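Here the structure comes first, spelled out in structure tokens, and everything after it is commentary.
The values are calculated or read from the model by the stated rules, or taken from the named source; none is laboratory data. Since the model is a prediction, treat every value here as computed from it, not as a measurement. FYI the Cβ positions are ideal-geometry reconstructions off the backbone, even for glycines, and counts take in every protein chain you see. Ligands, DNA and RNA are excluded from the accessible area calculation, which covers all protein heavy atoms including side chains. Shrake-Rupley method; radii C 1.70, N 1.55, O 1.52, S 1.80 Å.
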Amino acid sequence: MSEDIRTSIGLRPVINVSGTMTSLGASIVVPEAIAAMSSILPQFVEINDLQRKASAVIARLTGGEAGFVTASCSAGISLAVAGAITGNNLLAIEKLPDVVPEKNEVLVQMGHVVSYGAPVDQAIRLAGGKVVLVGQATSTHRFHMEHAITEKTAAAVYVVSHHVVDYGLLNLKEFVEIAHGKGVPVIVDAASEYDLRIFLQQGADVVLYSGHKFLGGPTSGIVAGEKELVRNAFLQNMGIGRGMKVGKESIFGVMAALEAWEKRDHAGIRERETSYLKLWKQTLDGRPGVTALIEPDPTNNPLDRMRVIIDTEEAHITAWDLADALGRGSPPIIVRDHEVEHRYFYLDPCNLHPGQEKIVASRLAEELDKARASNEIIATPIENRSKRRFEGVLKWPD
């Protein structure tokens, strides 16, 4: 077995049970994409023509009329919003984000204004959009959206994510119905979604995906949908999109990842992931203060995760201290800890190399045994985690 490139350059050899997280490198790139990128890197191509080829592949996989590849799904939000504001006005494209058209308002449900590492609304503002929040954080009704639409409304953005409020808001079909009733296009941020067709089928005009998450392509975003709106977003490459450009290798790599997606043994992958979850459940069941539940994905992706619930008094450790201990150990295990203050974290099986599931099981047992053997309960203040995180990044690169 060849040496792990990470250790050779001084990086920690982390094992990812957090999911398709950008901060960890998102996903394991499929061999087809790696081969495609290697094959095109030594060659010169006309990028717009390569994007035309990508458009055909994207259209076939998503059911949209057209598509293109950009730097990320976040870039896709900015480009799609910019396209809705400027249309094909080349002068307006050059002047963004200082908006020439007055029609620059973009509706977003308040419960959808989340952070994926940066705020959703910032991606809209970068395009010159004026964000109009609809409803309240946990409550949006038809009348909220109907009265928010004015002659200045350029688009409405709908976010599909495990981060959003998952109750009390408008679903996509109703959101589209209201928007289209007043001639407003709908842009869907579906960065980490498995189904490439459902959102356009439900009436969205433009849908944005990450090329580097479930698809297993290079770091990238995919813009797909109605041809004129996609074209207007593509034209932003002569404006704000210049800083969001992708190279030939990313475009071709995404094309290969999409074509590999068509042939992927999705059922076989689910079966393998289920075996990992069963192993972890066997490891955790019966341990004092630990409850392990296998749960479906909250946005209906066809996969399950394990929720690990910690009773601090019984386990002798808090959920966040256990997550941190796993992350500090050897090898480091990075869990999905977005809601850890509620006494649980998740284990996501979708990004493991063969054999790593056993290492995860071993490390879970090791840290739980260590905590139970402690004479004192390991319980650091939860607020310290956020403080450490931002103190660390503010000192980067030291």
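Observations, loosely collected:
- Segment Arg388-Asp4, extension gain: residue separation times 0.36 nm, minus the distance between their alpha carbons: 135.4 nm
- Share of carbon and sulfur in the accessible heavy-atom surface of the stretch 224-337 [1.4 Å probe, %]: 50
- Scoring 61-69, 233-241 by mean Cβ neighbours within 10 Å over their residues and listing the highest first yields 61-69, 233-241.
- Across the stretch 312-321, coupling constants 3J(HN,Hα) worked out from phi with the 6.51/-1.76/1.60 Karplus curve, θ = phi - 60°, read 4, 4, 7, 7, 6, 7, 7, 4, 6, 5 Hz, and Gly and Pro carry x.
- Note, ³J(HN,Hα) from phi for the stretch 84-91, Karplus 6.51, -1.76, 1.60, rounded to Hz, x at Gly and Pro: 5, 7, 8, x, 9, 6, 5, 5
- Length added when fully stretched, Lys281-Ala379, from 0.36 nm per residue minus Cα-Cα: 32.9 nm
- Exceedance of the 23 Å cut-off in Cα-Cα distance is limited, within the set Lys53/Lys173; Lys152/Lys182; Lys95/Lys182; Lys152/Lys213; Lys213/Lys263; Lys95/Lys130, to Lys53/Lys173; Lys95/Lys182; Lys152/Lys213.
- Applying 0.36 nm per residue to the separation of Val45 and Ala118 and subtracting their alpha-carbon distance, the gain on full extension is 23.0 nm.
- Probe 1.4 Å, protein heavy atoms only - accessible area per residue of the chain in square angstrom: 48
- Whether the stretch 15-159 is rounded, prolate or oblate, judged on the alpha carbon gyration tensor where a/c under 1.5 counts as rounded: oblate
- Semi-axes of the equivalent ellipsoid for the chain, computed as √(5λ) from the eigenvalues of its C-alpha gyration tensor and ordered from largest down, come to 38, 26, 19 Å.
- Contact order relative to length of the chain, as percent, for alpha carbon pairs under 8 angstrom and 6 or more apart: 21
- As a fraction of the 1.4 Å probe accessible area of the stretch 1-114, surface on carbon and sulfur atoms comes out at 56 percent.
- Loop-located GluC sites (Glu not before Pro) in the stretch 286-395 (DSSP state other than H, G, I, E, B) with a sparse environment of at most 16 neighbouring Cβ atoms within 10 Å: Glu339, Glu376.
- With a simple spin-label model that places each label point 7 Å from the Cα along the Cα-to-Cβ direction, the separation between Leu24 and Glu177 comes to 3.9 nm.
- Selected from Ala371, Ala319, Ala84 as most flexible by GNM, with the chain as the system and alpha-carbon contacts under 10 Å: Ala371
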